[in-house]
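Peer 1: My structure is below; once you've seen it, I'll send some questions.
The values are calculated or read from the model by the stated rules, or taken from the named source; none is laboratory data. None of these values were measured; they are calculated from a predicted model. Glycine gets a Cβ as well: all are built from the backbone with ideal geometry, and neighbour counts include every protein chain shown.
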There are 2 protein chains.
Amino acid sequence: MSVKINENYLLLESSYLFAEISRRVEKFQTENPDAQVIKMGIGDVTKPLPKAVIKAFNEAVTEMGNSETFMGYGPEQGYSFLIDTIIENDYKSRGIELDIDEVFISDAAKCDTANIQEIFGLDNVIAVTDPVYPVYVDSNVMAGRTGSIQDSGRYEGVVYMPSTAENNFIPELPKSPVDLIYLCFPNNPTGTALKKEDLAKWVEYARENDAIILFDAAYEAYITEDDIPRSIYEIEGAKDVAIEFRSFSKNAGFTGTRCAFVVVPKQVKAVDSEGNKHDLNSLWNRRTTTKFNGVSYPVQKAAEAVYTDEAKKEIQENIDYYLENAKIIKNSMEELGLDVYGGVNSPYIWVKTPENMDSWSFFDLLLEEANVVGTPGVGFGPSGEGYLRLTAFNTLENTKEAMERISKLSL
Amino acid sequence: MSVKINENYLLLESSYLFAEISRRVEKFQTENPDAQVIKMGIGDVTKPLPKAVIKAFNEAVTEMGNSETFMGYGPEQGYSFLIDTIIENDYKSRGIELDIDEVFISDAAKCDTANIQEIFGLDNVIAVTDPVYPVYVDSNVMAGRTGSIQDSGRYEGVVYMPSTAENNFIPELPKSPVDLIYLCFPNNPTGTALKKEDLAKWVEYARENDAIILFDAAYEAYITEDDIPRSIYEIEGAKDVAIEFRSFSKNAGFTGTRCAFVVVPKQVKAVDSEGNKHDLNSLWNRRTTTKFNGVSYPVQKAAEAVYTDEAKKEIQENIDYYLENAKIIKNSMEELGLDVYGGVNSPYIWVKTPENMDSWSFFDLLLEEANVVGTPGVGFGPSGEGYLRLTAFNTLENTKEAMERISKLSL
């Protein structure tokens, strides 16, 4: 008699990407204490919260100090003042109708995209793009929906859909049957956005093949080009087959404040083993009420203020600032003769390494020779090998300085 | 080909306890619009956050509006400023040594107690007291660690340990082998606290039987009597066999602010199928970094301020206030000739219904005749049948008014 661990955890690769990056950067810093390292690795924002957000946030905190206005437990699904505001601004304005109980407020799109698999059976086949945000895969490994990792760097039982320069980073539709398809557009890490007609193909595929799309739209605020949907529900028929994830992290700077939401339309259904259909909305609601306790009230008030005209203006200025950095990075790398992708509808720039160098070698080269930290593409999946991700979230000064240093290298 | 749901969700009882209470209260209110209903059901606090907490909370929000002090992603496990403060105040002061990486900051003890089962294999046998906080059981049902619910109101495959007046609400040690034992003391819902020697028996049992105790100490701030441990680690040897859950909800009024923590000592181990031992601390860390994104920075600063002398004083005053309410409830119900438990080291009063009335009948009687809302004991498990839980979190005025109304009933 002895307690057993969840052995699926043993299938996980031992080192998480960003932990390995930290380790190498720390080692370099220790050996080179005078080096001014510029971090363009982790996708974390640097601009402060908008003034209108700070004002609402502070006011809500003050409410918590007063008996008459104090707020205790809120609804696990989030307050209607925030949900209504989200529906009005992000959806109704784009012709998408949602009911209040189709939107669930949470503390992170990371948590939502990691937790969503819990409402599905273990016998579903998942499909991910390659490269991919590691959380989609790891959460399924931990749940037992995969086999072990192969020499190819792929987990057994998972369908990987390569996104490389060869297909313009738009993966082909799966050739073998899949159930749950994780899509993130604008994409992390490649920075690619999907045009409406391209995303429509996925919705059509899901409808025809009884699959469900788990659509991560965390980077929608960076879309600058026309004809790129900000929500998957802009595609006709998507409400039958798609769950959408959003976050306040990358638009409003909430990476340290924590607020996100997930949309689960009531018409998205899945079946039990007898073929009876069930609403995923009800299952997600049950999960939410049982395993979650709602987002901090002041944080929800802060998130509501993201939609004020004043905050919207400030947010757009911040995004323009980051996109200007992206342009600088893109241009600098292109001037070096490198193939560069993303950076137009995305804060991410996806760089092909010079002379088929592998991702970690290029990472080490930039760290050691230019003291610039990127993210090795291979960390996002085997098809990311030979690429490096740079982010536009640093300051303009640091971005320029980093590019100047890199331009002096002979690549 | 069609997406399959997690069928374990179908095993769950359809109506969550508090949803059913809300339904009955709303129906009563609609039919009796003039009735002044006093809610003593859900365990939610009413006193505002302490002034020192509000101050720190507001200051941290202001930091988020300034480029120089803005905070992006923090460590998923929580900031060291908060963890250090917790260890110093809650543990070191009681002779318990903990390393900084043995404490994980989270947004809710509800989430932690629901999520902890994920790091364990599905073949572990869980044991819960009966009555019990429903989240412990439901999270295991959803994960697939149980069979279906029986006519007895118990899930197949779960070991229930009755806590009733007959055993002074101290359950007997399990007679059949169990792996994971959920204990909550001071107990929700019975209000019972365990003396050191009684808790020591559980630690001894776990050590001798290779079991692990999941110890929910969310109500430790209400302990008033001597010789009642505030942490399970006050028991020698507990660090080898126990994980402890704490929260800022019930002491500092964080039910709407959201902050909690879990302690996973590095020496707590479990085995894989080949008998190799693994640190649960490492597994929980892996779960935390993959499926969680940390607690809001301003909320963590607010939680840190809970430990200032000024806040501690205010918190103690609030707890004394709630405990005075508890005493009033206890005395009033006893004067009515009812058997009453809890309310001394706990904000919960556990009342035996008069004349063996069932829980829901007594609930309806109090709602209809006194317009007072309690929580039916049977909602916490079959051994809660014939009991009702009242909470001390309302105002003194409402508590007195409620007791006055009830005292006029002929029970």
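Peer 1: Which count do you get for residues in the range A:227-252 that are touching a Gly at 6+ places or on another chain (Cβ under 8 Å) and surrounded by 23 or more Cβ atoms within 10 Å (Cβ to Cβ)? Break it down stepwise before answering.
Peer 2: Looking only at the range A:227-252, we keep the residues that are touching a Gly at 6+ places or on another chain (Cβ under 8 Å), and these are A:234, A:250.
Among the residues that remain, those that are also surrounded by 23 or more Cβ atoms within 10 Å (Cβ to Cβ) are: A:250.
Qualifying residue count for the region: 1.
Peer 1: While we're on this one: Mind telling me which of the residues A:VAL268, A:VAL241 ends up being within 14 Å of chain B (Cβ to nearest Cβ), over 21 Å from the mean Cα position of the chain (by Cα) and not aromatic (Phe, Trp, Tyr)?
Peer 2: Of the residues listed, the single one that is within 14 Å of chain B (Cβ to nearest Cβ), over 21 Å from the mean Cα position of the chain (by Cα) and not aromatic (Phe, Trp, Tyr) is A:VAL268.
Peer 1: Any residue that is crowded, with 16+ Cβ neighbours inside 10 Å, in contact with a Pro (Cβ under 8 Å, 6 or more places away or on another chain), under 21 Å from B:ASP90 (Cα atoms) and not basic (Lys, Arg) - is there at least one of those in the range B:206-216?
Peer 2: no
Peer 1: Right, another one. Looking only at the range B:274-291, count every residue that is facing another protein chain (nearest Cβ under 7 Å) and in contact with a strand residue (DSSP E or B) (Cβ under 7 Å, 6 or more places away or on another chain) and tell me the total.
Peer 2: The qualifying residues number 2.
Peer 1: Which residue is surrounded by the most Cβ atoms within 10 Å (Cβ to Cβ), if the candidates are limited to the range B:118-136 and must be part of a helix (DSSP H, G or I), facing chain A (nearest Cβ under 10 Å) and touching a residue at least 40 places away in the same chain (Cβ under 8 Å)?
Peer 2: B:ILE119
Peer 1: Only residues that are away from chain B (no Cβ under 13 Å) and out of contact with any Gly (no Cβ under 6 Å at 6 or more places or on another chain): list them for the range A:193-215, please.
Peer 2: A:ALA193, A:LEU194, A:LYS195, A:LYS196, A:GLU197, A:ASP198, A:LEU199, A:ALA200, A:LYS201, A:TRP202, A:GLU204, A:PHE215
Peer 1: With respect to B:ILE38, is the statement that it is within 30 Å of B:LEU323 (Cα to Cα), in the same structural domain as B:ASN325 (by TED's automatic domain parsing) and at pLDDT below 95 true? If you could, list the steps in order and put the result at the bottom.
Peer 2: Details: within 30 Å of B:LEU323 (Cα to Cα): yes; in the same structural domain as B:ASN325 (by TED's automatic domain parsing): yes; at pLDDT below 95: no.
No; evaluated as a whole, the condition is false for this residue.
Peer 1: Among the residues of the range A:1-9, is any crowded, with 16+ Cβ neighbours inside 10 Å, more than 7 Å from every other protein chain (Cβ to nearest Cβ), of a type in the set (Val, Ile, Thr) and more than 30 Å from B:ALA252 (Cβ to Cβ)?
Peer 2: Within the range A:1-9, not a single residue is crowded, with 16+ Cβ neighbours inside 10 Å, more than 7 Å from every other protein chain (Cβ to nearest Cβ), of a type in the set (Val, Ile, Thr) and more than 30 Å from B:ALA252 (Cβ to Cβ).
Peer 1: Of these, A:PHE28, A:PHE120, A:PHE70, A:PHE81, which one is of a type in the set (Phe, Trp, Tyr) and either at positive phi or in the same structural domain as A:PRO347 (by TED's automatic domain parsing) (or both)?
Peer 2: Working: A:PHE120 fails: either at positive phi or in the same structural domain as A:PRO347 (by TED's automatic domain parsing) (or both); A:PHE70 fails: either at positive phi or in the same structural domain as A:PRO347 (by TED's automatic domain parsing) (or both); A:PHE81 fails: either at positive phi or in the same structural domain as A:PRO347 (by TED's automatic domain parsing) (or both).
That would be A:PHE28, the only listed residue that is of a type in the set (Phe, Trp, Tyr) and either at positive phi or in the same structural domain as A:PRO347 (by TED's automatic domain parsing) (or both).
Peer 1: I need every pair where a residue in the range B:50-73 that is more than 7 Å from every other protein chain (Cβ to nearest Cβ) has its Cβ under 7 Å from the Cβ of a residue that is surrounded by fewer than 20 Cβ atoms within 10 Å (Cβ to Cβ) and part of a helix (DSSP H, G or I), sequence separation at least 6 or different chains.
Peer 2: Filtered contacts from the range B:50-73: B:ALA52/B:GLU310; B:THR69/B:GLU63.
Peer 1: Taking B:PHE380, is it closer than 23 Å to B:LEU183 by Cβ and touching a strand residue (DSSP E or B) at 6+ places or on another chain (Cβ under 9 Å)? If you could, list the steps in order and put the result at the bottom.
Peer 2: Values: closer than 23 Å to B:LEU183 by Cβ: yes; touching a strand residue (DSSP E or B) at 6+ places or on another chain (Cβ under 9 Å): yes.
Here the answer is yes, as B:PHE380 does meet what is asked.
Peer 1: For the range A:71-109, name all the residues that are of a type in the set (A, V, I, L, M) and out of contact with any Ser or Thr (no Cβ under 9 Å at 6 or more places or on another chain).
Peer 2: Step one: of the range A:71-109, the residues of a type in the set (A, V, I, L, M) are A:71, A:82-83, A:86-87, A:96, A:98, A:100, A:103, A:105, A:108-109.
Hits for the range A:71-109 are A:LEU82, A:ILE83, A:ILE86, A:ILE87, A:LEU98, A:VAL103, A:ILE105.
Peer 1: Another question about this same structure. With the checklist (1) farther than 21 Å from B:LEU396 by Cα; (2) at the interface with chain A (Cβ under 9 Å from one of its Cβ atoms) in hand, flag the one item B:PRO33 doesn't pass.
Peer 2: If we test B:PRO33 against (1) farther than 21 Å from B:LEU396 by Cα; (2) at the interface with chain A (Cβ under 9 Å from one of its Cβ atoms), just (2) comes out false.
Peer 1: Now a separate question. Checking B:ARG258 against (1) in a loop (DSSP other than H, G, I, E, B); (2) away from chain A (no Cβ under 12 Å); (3) crowded, with 24+ Cβ neighbours inside 10 Å: exactly one of these is not met. Which one?
Peer 2: The failed condition is (2).
Peer 1: May I ask you to list the residues in the range B:78-110 that are within 12 Å of chain A (Cβ to nearest Cβ) and surrounded by fewer than 23 Cβ atoms within 10 Å (Cβ to Cβ)?
Peer 2: Once the filter is applied, which keeps residues that are within 12 Å of chain A (Cβ to nearest Cβ) and surrounded by fewer than 23 Cβ atoms within 10 Å (Cβ to Cβ), the range B:78-110 yields only B:TYR79.
Peer 1: For A:TYR348, which of the numbered conditions (1) under 21 Å from A:THR46 (Cα atoms); (2) of a type outside the set (Asp, Glu); (3) over 20 Å from the mean Cα position of the chain (by Cα); (4) crowded, with 21+ Cβ neighbours inside 10 Å fails to hold?
Peer 2: (3)
Peer 1: Further question on the same structure: Looking at A:MET40, is it touching a residue at least 24 places away in the same chain (Cβ under 8 Å), more than 10 Å from chain B (Cβ to nearest Cβ) and of a type in the set (A, V, I, L, M)?
Peer 2: Values: touching a residue at least 24 places away in the same chain (Cβ under 8 Å): yes; more than 10 Å from chain B (Cβ to nearest Cβ): yes; of a type in the set (A, V, I, L, M): yes.
In short, yes.
Peer 1: Report whether or not A:ARG24 is more than 14 Å from chain B (Cβ to nearest Cβ) and under 22 Å from the mean Cα position of the chain (by Cα).
Peer 2: Numbers: more than 14 Å from chain B (Cβ to nearest Cβ): yes; under 22 Å from the mean Cα position of the chain (by Cα): no.
It is false that A:ARG24 is more than 14 Å from chain B (Cβ to nearest Cβ) and under 22 Å from the mean Cα position of the chain (by Cα).
Peer 1: Now for a separate question. So B:PRO174 ticks every box in (1) crowded, with 22+ Cβ neighbours inside 10 Å; (2) in contact with a Phe, Trp or Tyr (Cβ under 9 Å, 6 or more places away or on another chain); (3) within 14 Å of chain A (Cβ to nearest Cβ); (4) of a type outside the set (Phe, Trp, Tyr) but one. Which box is left unticked?
Peer 2: (1)
Peer 1: Let me ask another. Would you tally the residues in the range B:47-77 being surrounded by fewer than 17 Cβ atoms within 10 Å (Cβ to Cβ), farther than 17 Å from A:ALA302 by Cα and not small (Gly, Ala, Ser)?
Peer 2: 4
Peer 1: Would you be able to tell me the number of residues in the range B:292-330 that are within 14 Å of another protein chain (Cβ to nearest Cβ) and either touching a residue at least 24 places away in the same chain (Cβ under 8 Å) or under 24 Å from B:CYS111 (Cα atoms) (or both)? If you could, list the steps in order and put the result at the bottom.
Peer 2: At the first step, the residues of the range B:292-330 found to be within 14 Å of another protein chain (Cβ to nearest Cβ) are B:292-303, B:305-306, B:310-311, B:314-315, B:317-318, B:321-322.
Now narrow it down to the ones that are either touching a residue at least 24 places away in the same chain (Cβ under 8 Å) or under 24 Å from B:CYS111 (Cα atoms) (or both): B:292-303, B:305-306, B:310-311, B:314-315, B:318, B:321-322.
Adding up the residues that qualify gives 21.
Peer 1: Specify which of the listed residues (B:ASN356, B:ASN276) is out of contact with any Phe, Trp or Tyr (no Cβ under 9 Å at 6 or more places or on another chain) and modelled with pLDDT under 95.
Peer 2: Only one candidate qualifies: B:ASN356.
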